[in-house]
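The values are calculated or read from the model by the stated rules, or taken from the named source; none is laboratory data. If you're wondering where the values come from, they're calculated on a predicted model, not measured in any experiment. Here Cβ is always computed from backbone atoms with ideal geometry, including for glycine, and neighbour counts include all displayed protein chains.
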Amino acid sequence: MEGEDRIGGDAAAERAVRKIIHVDMDAFYASVEQRDDPGLRGRPVAVGGSAARGVVAAASYEARAYGVRSAMPSVTARRKCPELVFVRPRFEVYRAVSAQIRAIFAEFTDLIEPLSLDEAYLDVTENKAGQAVATEVARAIRARIRAETGLTASAGISYCKFLAKIASDINKPDGQTVIPPARGAAFVAALPVAKFHGVGPATALRMERLGIRTGADLRARDLGFLRAHFGKSGRWYHDIARGIDTRPVQPHRKRKSIGTEDTFATDIFEHGAAREELATLAAKVWRQATARELRGRSVTVKIKYADFRQITRSRTQAAPFASEAELTDAALALLAPLFPTTRGIRLLGVTLSGLGDGRTEAPEAPRQLSFW
């Protein structure tokens, strides 16, 4: 149901450099499946996996009510929701819908930074609609998405990417939340660090052991303390605890990696079978990199065993891989020492990283503007 929250502040103090919207589609894959198959509407749906194997790629809101989440093993999801309907993913359809949505974004601004098929940052400080109010731009974008795709989106509006990302999750589904500049620091202060985008469970646990549970706790630690305990990330934590994030929306954000993986219907024990599957994955990664005119210097092989324990093995070389055969040989060399094995392999993955395309985006000069 559509709604809007305003985490408000003193309008006189709102002196933002940017107006940024984070648009996040609601249960995207599952919502597309429910849109296209009326028989799935109102039912708990999991995209990906099966009743016995694999993991959930996306879950409908009806499934989430039972505790089903993405990345959850299918057997666990079925245990939580016996009525769960598993649907095979149709990525070609999701990509087509994503292209429709990005075309809508482009009608409002050229400063679009896609994060995935179903979410993106938009800088609407200056927008094609000539709209001075960012919340109205977000509302217009969401209305267009619903009209053209039959799907709902949620949005977060703020002066920086960090807060816009968090805000988009507050009033889901089909809602939006605005965090103006005057309220940024106070909002972060009250937020549990475990909810910070970019702070994973392991880091949140480390912070808790140091007595850091909220943004206010984080702000109370000086830069030297944070660098001593978190290295290069210390500066980032120091700034976001104060509501500071100067990262621009980057339309040509450099891609960091290209990867693919596969979960098998039957566990693999033999080296030959694993080699064959890994070579297929490496070939797929090479095709994707070639299509994007990218090359990489690092390859990572991911192995998940039948007991769900997971390991990775990586290799980095001085020059980019020059051919599919070279990439495949490197991946197979990482796999070889893991055999023979008595543990069945349920999943293999290959990722190419250390990518380079030579594109950079210069930050815009700061501007004084009225905000909301």
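Could you list, in sequence order, all residues of the stretch 245-261 that are within 30 Å of Phe187 (Cβ to Cβ) and either of a type in the set (D, E, K, R) or not in a loop (DSSP other than H, G, I, E, B) (or both)? Matches in the stretch 245-261: Asp245, Arg247, Arg253, Lys254, Lys256. Phe264 meets all of the listed conditions (1) part of a helix (DSSP H, G or I); (2) modelled with pLDDT under 95 but one, namely (1). Looking at Arg102, Arg69, Arg95, just one residue is among the basic types (Lys, Arg), farther than 19 Å from Glu33 by Cα and in contact (Cβ under 8 Å) with a residue 12 or more places away in the chain, and that residue is Arg102. Only one entry of Ala27, Ala71 meets the criterion of being within 17 Å of the chain's Cα centre (by Cα), crowded, with 21+ Cβ neighbours inside 10 Å and either under 23 Å from Ile145 (Cβ atoms) or not β-branched (Val, Ile, Thr) (or both), and that entry is Ala27.
Whenever a residue of the stretch 333-358 is in a strand (DSSP E or B), its partners that are buried (at least 18 other Cβ atoms within 10 Å of the Cβ) and of a type in the set (Gly, Ala, Ser), lying with C-beta atoms within less than 8 angstrom and at least six residues away or across chains, give the pairs Ile345/Ala274; Leu348/Ala274; Val350/Ala282; Val350/Ala331; Leu352/Ala289; Leu352/Gly296; Ser353/Gly296; Gly356/Gly296.
Before we move on, is Glu208 assigned to a helix (DSSP H, G or I), in contact (Cβ under 8 Å) with a residue 24 or more places away in the chain and surrounded by fewer than 17 Cβ atoms within 10 Å (Cβ to Cβ)? No. When we screen Ala265, Ala289 for residues that are touching a residue at least 60 places away in the same chain (Cβ under 8 Å) and either in contact with a strand residue (DSSP E or B) (Cβ under 8 Å, 6 or more places away or on another chain) or on the phi > 0 side of the Ramachandran plot (or both), the only hit is Ala289. Any residue that is without any contact (Cβ under 8 Å) to a residue 40 or more places away in the chain, surrounded by 15 or more Cβ atoms within 10 Å (Cβ to Cβ) and closer than 28 Å to Lys304 by Cα - is there at least one of those in the stretch 105-118? No; the residues of the stretch 105-118 include none that is without any contact (Cβ under 8 Å) to a residue 40 or more places away in the chain, surrounded by 15 or more Cβ atoms within 10 Å (Cβ to Cβ) and closer than 28 Å to Lys304 by Cα. Among the residues of the stretch 132-158, just one is over 18 Å from Asp26 (Cβ atoms), among the polar types (S, T, N, Q) and assigned by TED's automatic domain parsing to the domain that holds Tyr94, namely Thr135. Of Lys128, Lys172, all but one fail to be closer than 28 Å to Asp239 by Cα and either in a helix (DSSP H, G or I) or charged (D, E, K, R) (or both); the exception is Lys172.
Taking the criterion of being of a type in the set (Lys, Arg) and either crowded, with 18+ Cβ neighbours inside 10 Å or in a loop (DSSP other than H, G, I, E, B) (or both), the residues of the stretch 81-102 that qualify are Arg88, Arg90. Entry remark, the stretch 147-195: residues being more than 20 Å from Lys19 (Cα to Cα) and surrounded by 20 or more Cβ atoms within 10 Å (Cβ to Cβ) number 2 in total. Sub-7 Å Cβ pairs linking a first residue in the stretch 32-49 that is without any contact (Cβ under 8 Å) to a residue 12 or more places away in the chain to a second residue that is not charged (D, E, K, R), at least 6 apart or interchain, are Arg41/Gln34, ordered by first then second residue.
Restricting attention to the stretch 298-310, the residues that are touching a strand residue (DSSP E or B) at 6+ places or on another chain (Cβ under 8 Å), at pLDDT below 95 and either in a helix (DSSP H, G or I) or of a type outside the set (S, T, N, Q) (or both) add up to 4. Please tell me if Ser60 is within 15 Å of Asp118 (Cβ to Cβ), among the polar types (S, T, N, Q) and surrounded by 16 or more Cβ atoms within 10 Å (Cβ to Cβ). Spelling it out, Ser60 is indeed within 15 Å of Asp118 (Cβ to Cβ), among the polar types (S, T, N, Q) and surrounded by 16 or more Cβ atoms within 10 Å (Cβ to Cβ). For the stretch 326-372, taking the residues that are farther than 30 Å from Val55 by Cα and of a type in the set (Gly, Ala, Ser), the one that is modelled with the highest pLDDT is identified as Gly356.
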